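Report on one structure; see the data block that follows.
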Amino acid sequence: MGEGIEKLKQRLPLLDYLRQHHWTARRVGNRSEFVGLCPLHSETRPSFYVNARKNLFYCHGCGQGGDLIRLVELSQRLSFRQSLAYLQQQSALADPAAVLEETAAFYQRQLQCHPEALRYLERRGVHDPALIQELQIGYAPGGSLRGHLTAQGYPFDLQRRLGLVNPQGCDTFYRRVVFPCRQNGRLVNLYGRSIVASALPHRFLPGSKGGLYAWEQIRRGPEVILVEGLFDYAVLRQAGFHHISCALGTHLNTGQFRQLCDGPRTVYLTFDVDANGSGQQASRWLAHRLWAQGITTRRVLLPQGHDPNSFFVQGGDARQFHSLLEAARP
């Protein structure tokens, strides 16, 4: 329990909790000390001190002191266990992104424990341990996320609301390789790809999928290779290409389209060459829209039936892909 309590206090620092409850203070002494009116008794002269670095408080007026849990016990008139439950709910509701971060970290740890997931990545051509670590790729074996998040203080209702588990408590990403999707450094969604035959091989959590994948790293570059899927992105990064982003599908949302148009650049549209032509149709339509905004586009034509992922898995290399880029046409 001790480790869980410490994690709870890290997620919801004492000073942040007080400010959420409209406590005002001024800084005193060093940069981590604050003083204000005591929330535990009536006073007109500030005597309530908080050490933000140590996460502790002390009131010189009423003589009370302690940590966040002690403050909740005194202010809410709750028992120790009741205070823990109250703070766990407050912490979870305050920042759903924290739940996603904890989930992504949990799945990342699971990856190395499940050979079937590593074999799947190998079959998809993703085998560089450093890249897997950098992209924070994880694995959802199923059946264990609810218990883990509950132990970290995140209530079941919140897990359901975020779409991480179903009403029965089962993992949404059961037997899926999981990629975190970030926007401006903040985790906004998770993408799961089933490692077994599934009617729904691709899955996101409810809500927006966010912006273009890894856009912050390349947004100031003069060129970008835009691909459909995250495995396309991963094999290109592994092959040494760095000016890449992923649309997480063929249809860009408003924010993604705006990102591509936020400065002069050449966009290499590298969508799938499907048998039904849907990837290339989407590529032509996007090229037309970008051209109307003054963005230079080039459509990269892979061999029939291929996407970047299958191109590399079936023997393609960086030199051959460079040739495809050079042959790309408006």
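The values are calculated or read from the model by the stated rules, or taken from the named source; none is laboratory data. In this text the structure is predicted, and so the values were computed from the model without any measurement. Virtual Cβ from ideal backbone geometry, glycine too; neighbours counted across all protein chains shown. Keep in mind that these areas ignore ligands, DNA and RNA; they rest on the heavy atoms of the full protein, side chains included. Shrake-Rupley method; radii C 1.70, N 1.55, O 1.52, S 1.80 Å.
Could you state, as a whole-number percent, how many of the C-alpha pairs of region 186-226 are farther apart than 14 Å?
60 percent
Where the eigenvalues come from the Cα gyration tensor of the chain, what are the semi-axes √(5λ) of the equivalent ellipsoid, largest first, in whole Å?
After diagonalising the Cα gyration tensor, the semi-axes are 48, 24, 16 Å.
Using only the Cα atoms of region 260-330, build the gyration tensor, take square roots of its eigenvalues as a ≥ b ≥ c, and label the shape rounded, prolate or oblate: rounded if a/c is under 1.5, else prolate if a/b is larger than b/c, else oblate.
Because a/c hits 1.5 or more and a/b fails to exceed b/c, region 260-330 counts as oblate.
Once the piece of chain linking SER144 and ASN253 is laid out straight, how much longer is it, given 0.36 nm per residue of separation minus the C-alpha distance between them?
35.9 nm
Could you tell me how many degrees, from 0 to 90 and to the nearest 10, lie between the Cα long axis of helix 96-111 and the main elongation axis, the longest principal axis, of the Cα atoms of the chain?
Taking the Cα atoms of the chain, the angle to 96-111 is about 60 degrees.
For region 79-170, report the accessible area per residue in Å² (1.4 Å probe, heavy atoms, rounded to an integer).
47 Å²
In square angstrom, what is the accessible area per residue of region 240-299 with a 1.4 angstrom probe? Mind dumping the intermediate values first?
Numbers: 2830 Å² over 60 residues.
Per-residue value: 47 Å².
Calculate the translational D of region 117-175 in whole µm² s⁻¹ from Stokes-Einstein, where the hydrodynamic radius comes from the Kirkwood formula applied to all Cα pairs, the temperature is 20 °C and the viscosity 1.002 mPa s.
166 µm²/s
Please give me, ordered by residue number, the trypsin sites (Lys or Arg not before Pro) of region 28-94 that lie in loop per DSSP and have at most 13 other Cβ atoms within 10 Å.
When the trypsin sites (Lys or Arg not before Pro) of region 28-94 are filtered for loop state and at most 13 Cβ neighbours within 10 Å, ARG31, ARG53, LYS54, ARG77 remain.
Check the straight Cα-Cα distances from LYS54 and name the lysines below 27 Å, setting aside those fewer than 8 residues away within the same chain.
LYS54 reaches LYS7, LYS9.
Quick check: pseudo-label points 7 Å beyond the Cα along Cα→Cβ at HIS60 and ARG26, how many nm apart are they?
Output for this residue pair reads 1.4 nm.
Based on alpha-carbon positions alone, could you give the equivalent ellipsoid semi-axes of region 34-140 from the gyration tensor, as √(5λ), descending, whole Å?
Working: eigenvalues 441, 44, 19 Å².
Working through the eigenvalues yields semi-axes of 47, 15, 10 Å.
How about region 200-229: which trypsin sites (Lys or Arg not before Pro) there are in a DSSP loop, with at most 16 other Cβ atoms within 10 Å of their Cβ?
ARG219, ARG220
Summarise the accessible area of region 1-144 (1.4 Å probe, protein heavy atoms) by the percent that is carbon and sulfur.
Values: 3840 of 7960 Å².
Of the solvent-accessible surface of region 1-144, carbon and sulfur hold 48 percent.
Mean 1/r over all different Cα pairs, inverted: what Kirkwood radius does region 155-239 give, in Å?
About 14.5 Å for region 155-239.
Output the relative contact order of the chain, whole-number percent, from Cα pairs under 8 angstrom with separation of 6+ residues.
Rounded, it is 10 percent for the chain.
Please find, in a Gaussian network model of the chain (springs between Cα atoms separated by less than 10 Å), the residue of LEU56, LEU12, LEU190 whose mean-square fluctuation is greatest.
Highest fluctuation among the options: LEU56.
For LYS7 and ARG45, FRET efficiency with R0 = 56 Å and r from the beta-carbon atoms, rounded to 0.05?
Here the calculated transfer efficiency is 0.95.
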